[in-house]
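Throughout, read-outs are computed from the coordinates displayed, never taken from laboratory work. Nothing here was measured: the structure is a model prediction, and the numbers come from that model. Backbone-built Cβ (ideal geometry, glycine too); neighbour counts: all protein chains shown.
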Protein chains: 4
Amino acid sequence: MLKRDDAVTIIDAALHEGRARNLAPLAVAVLDPGGHLIAYQREDGAGIIRFDIAFGKAWGSLGMGFGSRELSRRAGTLPTFFTMLSATSGGRLVASPGGVLVRGRHREVLGAVGISGDLGDNDEACAIAGIVAAGFQTDETSQA
Amino acid sequence: MLKRDDAVTIIDAALHEGRARNLAPLAVAVLDPGGHLIAYQREDGAGIIRFDIAFGKAWGSLGMGFGSRELSRRAGTLPTFFTMLSATSGGRLVASPGGVLVRGRHREVLGAVGISGDLGDNDEACAIAGIVAAGFQTDETSQA
Amino acid sequence: MLKRDDAVTIIDAALHEGRARNLAPLAVAVLDPGGHLIAYQREDGAGIIRFDIAFGKAWGSLGMGFGSRELSRRAGTLPTFFTMLSATSGGRLVASPGGVLVRGRHREVLGAVGISGDLGDNDEACAIAGIVAAGFQTDETSQA
Amino acid sequence: MLKRDDAVTIIDAALHEGRARNLAPLAVAVLDPGGHLIAYQREDGAGIIRFDIAFGKAWGSLGMGFGSRELSRRAGTLPTFFTMLSATSGGRLVASPGGVLVRGRHREVLGAVGISGDLGDNDEACAIAGIVAAGFQTDETSQA
């Protein structure tokens, strides 16, 4: 499982990436494998739904076992099923790029990062940057 | 943040606009930047879901950082994602024209207005009229 | 049923009373007999739970058919039952003075007023003042 | 309103205090005046309800306008009413010491801090330490 120090490092690096890319204000959530929040930061100016979206991208990734880019792809082909997943999870699953699993050296799932604020591709690029900077692995390669 | 007097002025002017246009009975909600209700009025004859819709248009505008016309446009292209936003927000986001951000002289977000009762374009026109009458700025230009 | 103009008159008079008494910032909700909001205003500085409490005092009064002072008295003798009423109503019933039924000339229930912000006795005094100023009757006599 | 940097400073100083006192693992939430999360950290080993408690102490303080020590005192004398507040707030209000308002130089409410993990008195002492270290004011004096 991710330690608090790891989560803070991920957030710092993700937000650094967002500033380097001049993105809109971001919200970054880091969750443990049980879907519980380890650390969170919201940049000044981010809207009031950004926590829910960032959390939901990470929670959904943990829930299904792959990143929220793939959740989004599947939601496109199975919209009614994903509407049901949204409802059955109490709204905790959000299918849009920006949620990325954090994996250890043996590919084990250590947690997940979810980011919201800019375009999904950009949110995801920052999540990947944060995870890599902290020395962990991801399934995703940045598309932005 | 909007003061109570500002919110009342916005409602009065929005409802005045609705009567001048001979619209169906309107519900008008004014929210602070945190998504909490400052003032509300419902014209006689408005249905019992109008509060929820008016509130949701304003809340969704604050949540995402743009008016509910743009929410509506995006919901048209990303229907499953917006269904999930509805769930993750506990039903507090409604994507249909009529929710408008209230901005101050430095473009800072002071709150939002949401109106429901007539066609979305007409609801939005009244929200804009109310905001302008109270001396604030909006991102929207009336389409009705 | 109360008209919008009546509801606005009640709120204005209730807030006037609150200022005359130098009370803490108040939130005032006026509901129709179906428990739906007609009008609401929150004075500057009122906390973010005040809407829920003001609404709940009015809703609970309509729900049980008497003011929230009597709800509060009964909750004191039947705490477990009222805990269940809170749960079964989805948290919409709040038993504390400040919720007052609005009655017409034939004693018919036209709606209810709920106020939160100061001590319950003071909240109730403002609700009564608002209802009387608008020409309606109540079951309550001010205890503050 | 608190900026992200302020929230991070508060958390760092609060957790430093917790380590200096050798407390159990803490969860620390910092909220804006609208009750939305700005930043959060959970120390390694903290249980899975700690986020909800920390958030609820801060949210309840904002909701009612005073710290959660006073919420706790009032809940002791009005247990049924506070059970109802819990329900009407959707479980977002938690009455136990450890929630402290953050005030600016003019006593304006800038946000709130909520901490959970150890005894309420100790949680509160860390919240106060964090707020003071960041250069803000509180209503509370540490009782631990």
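Distances from residue B:76 to itself in the other copies, using label points 7 Å out along the Cα-Cβ axis, amount to 2.0, 6.0, 6.0 nm in increasing order. Within 15 Å, Cβ to Cβ, of residue B:48, how many net charges do the neighbouring residues add up to if Lys/Arg are +1 and Asp/Glu are -1? Net of charged neighbours comes to 0. Site pair residue A:5 and residue B:119 shows an inter-label distance of 6.3 nm when each label is modelled 7 Å from Cα along Cα→Cβ. Near residue D:122: Cβ cut-off under 15 Å, other residues only, Lys/Arg at +1 and Asp/Glu at -1. The net charge is -2.
Write down the Kirkwood hydrodynamic radius of the protein assembly as shown, to one decimal in angstroms, obtained as one divided by the mean of 1/r over all alpha carbon pairs. This gives a value of 24.3 Å.
Here r is the Cβ-Cβ distance between residue A:77 and residue C:73 and R0 is 51 Å; the resulting FRET efficiency, rounded to 0.05, is 0.30. For the segment B:41-48, counting C-beta atoms of other chains within 10 Å of every residue's C-beta and taking the mean gives 5.
Given R₀ = 41 Å, FRET efficiency for residue C:44-residue D:24 by Cβ-Cβ distance, to 0.05? With R0 = 41 Å, the Cβ-Cβ based efficiency is 0.55. By Cβ position, the chain B residue that hugs the axis carrying B onto C most closely, with its distance in whole Å, is B:40, 2. Excluding same-chain neighbours fewer than eight residues apart, the lysines reachable from residue C:3 by a Cα-Cα span under 28 Å are B:3, B:57, C:57.
Rounded to the nearest whole angstrom, the semi-axes of the ellipsoid equivalent to the range D:4-142, taken from the Cα gyration tensor as √(5λ), stand at 21, 17, 13, largest first.
The mean sequence separation of alpha-carbon pairs under 8 Å and at least six residues apart, normalised by the residue count of the range B:4-142, gives a relative contact order of 30 percent. A simple charge model with +1 on the Cβ of Lys and Arg, -1 on the Cβ of Asp and Glu and nothing else charged puts the dipole of the range C:4-142 at about 280 debye relative to its Cα centre.
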